[in-house]
Amino acid sequence: MSTKQQHLTLSENKIPEGRLGLWILIAGELVIFGGLIMSYLLHRLRYPQWSEMAAHTSTFIGALNTVVLLCSSYTVVRAHEAAQKLDVAKATRWMTCTVLGGLIFLIDKSVEYTHEIQEGFTFTSPSLQHSGDYVNSLFWSYYYIMTGLHSLHVIAGMVVMIIIMVQIKKGKNLHRVELAGMYWHMVDLIWIFLFPLLYIAK
Amino acid sequence: MNTVINNNESVVFPDAEHEYHGHPHYTRILIILLSLLACSLLVGYIFSPLWAIVLIFATAAWKAALVVRNFMHLKYEPFILFIAIAAVLLIIMAFFFGVYPDITAITPEVAKPH
(Lines give C-alpha, C1' and ligand atoms only; values in the text may rest on other atoms or scores of the structure.)
Protein backbone atom coordinates (compact mmCIF):
# COMPACT_ATOMS: atom_id res chain seq x y z
CA MET A 1 0.00 0.00 0.00
CA SER A 2 1.47 3.28 -1.05
CA THR A 3 0.90 6.55 0.71
CA LYS A 4 0.39 9.84 -1.09
CA GLN A 5 0.95 12.78 1.14
CA GLN A 6 -0.44 16.16 0.25
CA HIS A 7 1.23 18.90 2.22
CA LEU A 8 -0.34 22.28 2.58
CA THR A 9 2.14 25.07 2.78
CA LEU A 10 1.50 28.18 4.80
CA SER A 11 2.34 31.66 3.59
CA GLU A 12 4.42 34.02 5.70
CA ASN A 13 1.20 35.30 7.25
CA LYS A 14 0.24 31.74 8.31
CA ILE A 15 -2.54 31.55 5.76
CA PRO A 16 -2.64 28.30 3.71
CA GLU A 17 -1.42 29.27 0.24
CA GLY A 18 -4.54 27.92 -1.48
CA ARG A 19 -6.74 30.15 0.66
CA LEU A 20 -4.46 33.13 0.19
CA GLY A 21 -4.60 32.64 -3.60
CA LEU A 22 -8.39 32.46 -3.45
CA TRP A 23 -8.58 35.66 -1.37
CA ILE A 24 -6.44 37.44 -3.99
CA LEU A 25 -8.78 36.18 -6.74
CA ILE A 26 -11.82 37.30 -4.72
CA ALA A 27 -10.29 40.75 -4.18
CA GLY A 28 -9.81 41.05 -7.96
CA GLU A 29 -13.38 39.96 -8.63
CA LEU A 30 -14.67 42.44 -6.05
CA VAL A 31 -12.91 45.24 -7.95
CA ILE A 32 -14.56 44.14 -11.23
CA PHE A 33 -18.07 43.76 -9.81
CA GLY A 34 -17.64 46.60 -7.32
CA GLY A 35 -16.70 48.93 -10.19
CA LEU A 36 -19.70 47.80 -12.21
CA ILE A 37 -22.09 48.13 -9.26
CA MET A 38 -20.78 51.60 -8.34
CA SER A 39 -20.99 52.71 -11.96
CA TYR A 40 -24.58 51.45 -12.13
CA LEU A 41 -25.40 53.19 -8.85
CA LEU A 42 -24.02 56.49 -10.15
CA HIS A 43 -26.18 56.30 -13.25
CA ARG A 44 -29.18 55.15 -11.21
CA LEU A 45 -28.87 58.28 -9.06
CA ARG A 46 -28.48 60.40 -12.19
CA TYR A 47 -31.44 58.87 -14.02
CA PRO A 48 -34.40 58.32 -11.65
CA GLN A 49 -36.45 57.14 -14.66
CA TRP A 50 -34.54 53.84 -14.49
CA SER A 51 -37.02 52.82 -11.80
CA GLU A 52 -39.59 52.38 -14.61
CA MET A 53 -37.21 49.96 -16.35
CA ALA A 54 -36.40 48.13 -13.10
CA ALA A 55 -40.15 47.57 -12.70
CA HIS A 56 -39.92 45.15 -15.66
CA THR A 57 -37.58 42.78 -13.78
CA SER A 58 -39.24 39.94 -11.86
CA THR A 59 -38.82 40.37 -8.10
CA PHE A 60 -40.21 36.88 -7.58
CA ILE A 61 -37.56 35.21 -9.76
CA GLY A 62 -34.85 37.44 -8.26
CA ALA A 63 -35.91 36.51 -4.71
CA LEU A 64 -36.15 32.83 -5.66
CA ASN A 65 -32.61 32.98 -7.07
CA THR A 66 -31.38 34.65 -3.87
CA VAL A 67 -32.88 31.81 -1.79
CA VAL A 68 -31.31 29.25 -4.16
CA LEU A 69 -27.85 30.86 -3.92
CA LEU A 70 -28.02 31.27 -0.12
CA CYS A 71 -29.05 27.61 0.25
CA SER A 72 -26.30 26.49 -2.15
CA SER A 73 -23.78 28.45 -0.06
CA TYR A 74 -25.05 26.49 2.93
CA THR A 75 -24.71 23.14 1.12
CA VAL A 76 -21.14 23.92 0.07
CA VAL A 77 -20.04 24.74 3.64
CA ARG A 78 -21.62 21.47 4.72
CA ALA A 79 -19.61 19.75 1.97
CA HIS A 80 -16.48 21.39 3.36
CA GLU A 81 -17.37 20.23 6.87
CA ALA A 82 -17.91 16.67 5.59
CA ALA A 83 -14.61 16.78 3.66
CA GLN A 84 -12.80 17.77 6.84
CA LYS A 85 -14.28 14.69 8.53
CA LEU A 86 -13.07 12.69 5.48
CA ASP A 87 -16.64 11.67 4.68
CA VAL A 88 -16.23 11.69 0.89
CA ALA A 89 -19.72 10.34 0.18
CA LYS A 90 -21.39 13.08 2.22
CA ALA A 91 -19.13 15.78 0.78
CA THR A 92 -20.02 14.63 -2.75
CA ARG A 93 -23.74 14.66 -1.92
CA TRP A 94 -23.59 18.23 -0.56
CA MET A 95 -21.54 19.36 -3.56
CA THR A 96 -24.09 17.78 -5.93
CA CYS A 97 -26.78 19.83 -4.14
CA THR A 98 -24.66 22.95 -4.72
CA VAL A 99 -24.29 22.21 -8.44
CA LEU A 100 -28.06 21.61 -8.64
CA GLY A 101 -28.57 24.97 -6.94
CA GLY A 102 -26.43 26.59 -9.63
CA LEU A 103 -28.45 24.81 -12.30
CA ILE A 104 -31.77 26.03 -10.82
CA PHE A 105 -30.33 29.56 -10.72
CA LEU A 106 -29.38 29.39 -14.41
CA ILE A 107 -32.78 27.96 -15.43
CA ASP A 108 -34.56 30.78 -13.52
CA LYS A 109 -32.31 33.34 -15.13
CA SER A 110 -32.97 31.90 -18.61
CA VAL A 111 -36.74 32.10 -18.01
CA GLU A 112 -36.34 35.71 -16.87
CA TYR A 113 -34.12 36.65 -19.83
CA THR A 114 -36.67 35.08 -22.21
CA HIS A 115 -39.50 37.24 -20.83
CA GLU A 116 -37.39 40.39 -20.96
CA ILE A 117 -36.18 39.76 -24.51
CA GLN A 118 -39.79 39.05 -25.60
CA GLU A 119 -40.73 42.45 -24.17
CA GLY A 120 -38.02 44.01 -26.38
CA PHE A 121 -35.50 44.65 -23.60
CA THR A 122 -32.20 43.34 -24.94
CA PHE A 123 -28.56 44.31 -24.42
CA THR A 124 -28.98 47.33 -26.74
CA SER A 125 -32.82 47.53 -26.66
CA PRO A 126 -33.24 48.75 -30.29
CA SER A 127 -36.93 49.59 -29.73
CA LEU A 128 -35.99 52.06 -26.98
CA GLN A 129 -33.16 53.52 -29.06
CA HIS A 130 -35.42 54.01 -32.09
CA SER A 131 -37.75 56.06 -29.92
CA GLY A 132 -34.76 58.13 -28.77
CA ASP A 133 -34.79 56.68 -25.25
CA TYR A 134 -31.04 56.10 -24.94
CA VAL A 135 -31.02 56.57 -21.18
CA ASN A 136 -33.42 53.69 -20.51
CA SER A 137 -31.61 51.57 -23.10
CA LEU A 138 -28.47 52.03 -20.98
CA PHE A 139 -30.26 50.43 -18.00
CA TRP A 140 -30.66 47.18 -19.93
CA SER A 141 -27.01 47.26 -21.03
CA TYR A 142 -26.00 47.44 -17.35
CA TYR A 143 -28.54 44.78 -16.44
CA TYR A 144 -27.29 42.26 -19.01
CA ILE A 145 -23.60 42.96 -18.34
CA MET A 146 -23.94 42.56 -14.57
CA THR A 147 -26.28 39.56 -14.51
CA GLY A 148 -24.59 37.94 -17.54
CA LEU A 149 -21.12 38.22 -16.03
CA HIS A 150 -22.49 36.90 -12.75
CA SER A 151 -24.11 33.94 -14.52
CA LEU A 152 -20.77 33.15 -16.22
CA HIS A 153 -19.24 33.00 -12.73
CA VAL A 154 -22.02 30.62 -11.65
CA ILE A 155 -21.20 28.35 -14.61
CA ALA A 156 -17.46 28.53 -13.79
CA GLY A 157 -18.22 27.64 -10.15
CA MET A 158 -20.31 24.64 -11.24
CA VAL A 159 -17.52 23.38 -13.53
CA VAL A 160 -14.93 23.75 -10.74
CA MET A 161 -17.29 21.98 -8.33
CA ILE A 162 -17.76 19.03 -10.73
CA ILE A 163 -13.97 18.71 -11.31
CA ILE A 164 -13.32 18.70 -7.55
CA MET A 165 -16.11 16.16 -7.00
CA VAL A 166 -14.36 13.81 -9.43
CA GLN A 167 -11.06 14.39 -7.62
CA ILE A 168 -12.42 13.79 -4.11
CA LYS A 169 -14.16 10.61 -5.25
CA LYS A 170 -10.65 9.35 -6.00
CA GLY A 171 -9.67 10.44 -2.50
CA LYS A 172 -7.57 13.33 -3.78
CA ASN A 173 -7.52 17.04 -2.96
CA LEU A 174 -10.18 17.10 -0.28
CA HIS A 175 -8.90 20.48 0.87
CA ARG A 176 -10.02 21.95 -2.46
CA VAL A 177 -13.67 21.56 -1.41
CA GLU A 178 -13.21 24.60 0.82
CA LEU A 179 -11.50 26.56 -1.95
CA ALA A 180 -14.35 25.81 -4.39
CA GLY A 181 -16.73 26.81 -1.60
CA MET A 182 -15.02 30.16 -1.11
CA TYR A 183 -15.40 30.90 -4.81
CA TRP A 184 -19.08 29.92 -4.62
CA HIS A 185 -19.65 32.21 -1.63
CA MET A 186 -18.14 35.06 -3.63
CA VAL A 187 -20.70 34.39 -6.39
CA ASP A 188 -23.42 34.46 -3.70
CA LEU A 189 -21.96 37.66 -2.24
CA ILE A 190 -22.14 39.48 -5.58
CA TRP A 191 -25.77 38.42 -6.04
CA ILE A 192 -26.62 39.73 -2.56
CA PHE A 193 -25.88 43.23 -3.93
CA LEU A 194 -27.20 42.74 -7.48
CA PHE A 195 -30.59 41.61 -6.19
CA PRO A 196 -31.60 44.81 -4.32
CA LEU A 197 -30.05 47.01 -7.02
CA LEU A 198 -31.88 45.45 -9.96
CA TYR A 199 -34.96 43.86 -8.44
CA ILE A 200 -36.07 45.65 -5.27
CA ALA A 201 -35.04 49.31 -5.67
CA LYS A 202 -37.80 50.25 -8.13
CA MET B 1 -3.12 13.26 10.53
CA ASN B 2 -6.20 11.71 8.89
CA THR B 3 -6.10 9.05 6.22
CA VAL B 4 -8.53 8.08 3.48
CA ILE B 5 -8.27 4.58 2.03
CA ASN B 6 -9.08 4.52 -1.63
CA ASN B 7 -8.18 2.01 -4.36
CA ASN B 8 -5.47 0.40 -2.26
CA GLU B 9 -3.89 3.78 -1.72
CA SER B 10 -3.99 5.76 1.46
CA VAL B 11 -4.22 9.45 0.88
CA VAL B 12 -3.23 11.61 3.79
CA PHE B 13 -5.48 14.60 4.22
CA PRO B 14 -3.49 17.68 5.17
CA ASP B 15 -3.91 18.73 8.75
CA ALA B 16 -2.81 22.33 8.28
CA GLU B 17 -6.15 23.13 6.64
CA HIS B 18 -8.06 21.06 9.23
CA GLU B 19 -6.70 22.95 12.14
CA TYR B 20 -6.85 26.30 10.41
CA HIS B 21 -10.34 27.31 11.50
CA GLY B 22 -13.42 26.14 13.35
CA HIS B 23 -17.03 25.90 12.14
CA PRO B 24 -19.79 28.29 13.13
CA HIS B 25 -23.42 27.08 13.40
CA TYR B 26 -24.13 27.10 9.65
CA THR B 27 -27.86 26.30 9.89
CA ARG B 28 -28.40 29.24 12.24
CA ILE B 29 -26.54 31.53 9.82
CA LEU B 30 -28.70 30.31 6.91
CA ILE B 31 -31.89 30.99 8.87
CA ILE B 32 -30.69 34.53 9.70
CA LEU B 33 -29.79 35.11 6.02
CA LEU B 34 -33.22 33.95 4.82
CA SER B 35 -34.94 36.08 7.50
CA LEU B 36 -32.96 39.13 6.36
CA LEU B 37 -34.00 38.43 2.78
CA ALA B 38 -37.65 38.32 3.86
CA CYS B 39 -37.17 41.62 5.75
CA SER B 40 -35.62 43.31 2.71
CA LEU B 41 -38.61 42.23 0.61
CA LEU B 42 -41.08 43.52 3.21
CA VAL B 43 -39.57 46.96 3.91
CA GLY B 44 -40.52 48.17 0.42
CA TYR B 45 -44.20 47.80 1.37
CA ILE B 46 -43.90 49.30 4.85
CA PHE B 47 -41.54 52.28 4.66
CA SER B 48 -41.23 55.32 2.39
CA PRO B 49 -39.08 54.76 -0.77
CA LEU B 50 -36.01 56.50 0.66
CA TRP B 51 -36.13 54.60 3.97
CA ALA B 52 -36.91 51.40 2.12
CA ILE B 53 -33.77 51.77 -0.04
CA VAL B 54 -31.59 52.58 2.99
CA LEU B 55 -32.95 49.56 4.90
CA ILE B 56 -32.72 47.25 1.86
CA PHE B 57 -29.02 48.07 1.37
CA ALA B 58 -28.35 47.87 5.11
CA THR B 59 -29.76 44.32 5.17
CA ALA B 60 -27.74 43.48 2.02
CA ALA B 61 -24.56 44.67 3.77
CA TRP B 62 -25.51 42.65 6.86
CA LYS B 63 -26.11 39.53 4.72
CA ALA B 64 -22.77 40.04 2.96
CA ALA B 65 -20.96 40.39 6.30
CA LEU B 66 -22.56 37.16 7.58
CA VAL B 67 -21.50 35.26 4.44
CA VAL B 68 -17.94 36.61 4.47
CA ARG B 69 -17.38 36.11 8.20
CA ASN B 70 -19.04 32.73 8.67
CA PHE B 71 -19.24 30.91 5.32
CA MET B 72 -15.92 32.24 3.97
CA HIS B 73 -14.39 32.03 7.48
CA LEU B 74 -12.88 35.51 7.32
CA LYS B 75 -13.28 35.78 11.09
CA TYR B 76 -10.63 33.08 11.47
CA GLU B 77 -8.14 34.80 9.13
CA PRO B 78 -5.21 36.99 10.27
CA PHE B 79 -5.94 40.71 10.62
CA ILE B 80 -3.76 41.52 7.57
CA LEU B 81 -6.40 39.92 5.33
CA PHE B 82 -9.12 42.21 6.75
CA ILE B 83 -6.93 45.16 5.79
CA ALA B 84 -6.43 43.78 2.25
CA ILE B 85 -10.20 43.34 1.72
CA ALA B 86 -10.93 46.74 3.32
CA ALA B 87 -8.41 48.32 0.91
CA VAL B 88 -10.35 46.88 -2.05
CA LEU B 89 -13.59 48.34 -0.71
CA LEU B 90 -11.89 51.71 -0.17
CA ILE B 91 -10.70 51.71 -3.81
CA ILE B 92 -14.28 51.06 -4.96
CA MET B 93 -15.60 53.88 -2.75
CA ALA B 94 -12.86 56.22 -4.02
CA PHE B 95 -14.00 55.41 -7.57
CA PHE B 96 -17.62 56.17 -6.65
CA PHE B 97 -16.98 59.52 -4.97
CA GLY B 98 -14.30 60.49 -7.50
CA VAL B 99 -16.60 59.97 -10.48
CA TYR B 100 -19.85 61.11 -8.82
CA PRO B 101 -19.52 64.84 -9.73
CA ASP B 102 -18.81 64.03 -13.40
CA ILE B 103 -21.71 61.61 -13.81
CA THR B 104 -24.25 63.84 -12.10
CA ALA B 105 -23.16 66.76 -14.31
CA ILE B 106 -24.11 64.88 -17.52
CA THR B 107 -27.52 65.85 -18.88
CA PRO B 108 -29.67 63.33 -20.78
CA GLU B 109 -29.19 65.45 -23.92
CA VAL B 110 -25.41 65.13 -23.67
CA ALA B 111 -25.76 61.34 -23.25
CA LYS B 112 -27.49 61.06 -26.66
CA PRO B 113 -25.21 60.11 -29.59
CA HIS B 114 -24.94 62.79 -32.29
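The values are calculated or read from the model by the stated rules, or taken from the named source; none is laboratory data. In this text, all values refer to a predicted model and were calculated from it rather than measured experimentally. So basically every Cβ, Gly included, is an ideal-geometry build from the backbone, and we count neighbours across all protein chains shown. When the accessible area is computed, the model is the full protein with side chains, heavy atoms only, and any ligands, DNA or RNA have been set aside. Shrake-Rupley method; radii C 1.70, N 1.55, O 1.52, S 1.80 Å.
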* Relative to the longest principal Cα axis of chain A, at what angle does helix A:134-169 sit, 0 to 90 degrees, rounded to 10? -> 10
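Could you report the buried accessible area between A and B, both sides summed, computed with a 1.4 Å probe and given in Å² to the nearest 100? Don't skip to the end; give the middle numbers.
On the way: alone 10990 and 9490 Å², together 14730 Å².
In total, chains A and B hide about 5700 Å² from solvent.
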* Taking the simple approach of a point 7 Å from Cα along Cα-to-Cβ for both A:GLN49 and B:VAL54, what is their distance in nm? -> 2.9
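Residues with beta-carbon under 14 Å from that of A:VAL154, excluding A:VAL154: net charge, scoring Lys, Arg +1 and Asp, Glu -1? Display every interim value, and only then the final one.
Values: positive: A:LYS109; negative: A:GLU29, A:ASP108, A:GLU112, A:ASP188.
Charge balance near A:VAL154 sits at -3.
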* Asked: Given springs between every Cα pair under 10 Å in a Gaussian network model of chain A, which of A:GLU112, A:GLU52, A:GLU81 has the largest fluctuation?
  -> A:GLU52
* Could you give the angle, 0 to 90 degrees to the nearest 10, between helix A:17-46's Cα long axis and the longest principal axis of the Cα atoms of chain A? -> 10
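If the only charges are +1 at each Lys and Arg Cβ and -1 at each Asp and Glu Cβ, what is the size of the charge dipole of the protein assembly as shown around the Cα centre, to the nearest 20 debye?
On the way: 20 positive and 20 negative charges, 123 e Å.
Rounded to the nearest 20 debye, it is 580 debye.
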* Place +1 on the Cβ of every Lys and Arg and -1 on the Cβ of every Asp and Glu in the protein assembly as shown, take the dipole about the Cα centre, and give the residue among A:LEU152, B:LEU30, B:SER48 whose Cα lies farthest towards its positive end. => B:LEU30
* Structure fact -> Summing +1 per Lys or Arg and -1 per Asp or Glu among the other residues with Cβ less than 11 Å from A:ILE61's Cβ gives -2
* In debye, nearest 20, what is the charge dipole magnitude of the stretch A:18-200 about its Cα centre with +1 on Lys and Arg Cβ and -1 on Asp and Glu Cβ, if you could check? => 900
* Asked: Which value in nm describes the separation of the simple spin-label points at A:VAL111 and A:TYR134, placed 7 Å from the Cα toward the beta carbon?
  -> 3.7
* **Inter-probe distance in nm under a simple model that places probes 7 Å from Cα toward Cβ, at B:HIS25 and A:ARG93** => 2.3
* To do: Return the sequence-ordered ³J(HN,Hα) values of the stretch A:71-86 in whole Hz as given by the Karplus equation 6.51 cos²θ - 1.76 cosθ + 1.60 applied to θ = phi - 60°, using x for Gly and Pro.
  => 5, 5, 5, 5, 5, 6, 5, 5, 4, 4, 4, 5, 5, 5, 8, 6
* Asked: Which ³J(HN,Hα) values in Hz, rounded to whole numbers, follow from the phi angles of the stretch B:79-86 under the Karplus curve 6.51 cos²θ - 1.76 cosθ + 1.60, where θ = phi - 60° and Gly and Pro get x?
  -> 4, 4, 6, 4, 5, 4, 5, 4
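Grab the other residues whose beta carbon is less than 14 angstrom from that of A:VAL76, score K and R as +1, D and E as -1, and report the net.
Working: positive: A:ARG78, A:LYS90, A:ARG93, A:ARG176; negative: A:GLU81, A:GLU178, A:ASP188.
Taking every other residue near A:VAL76 into account, the sum is +1.
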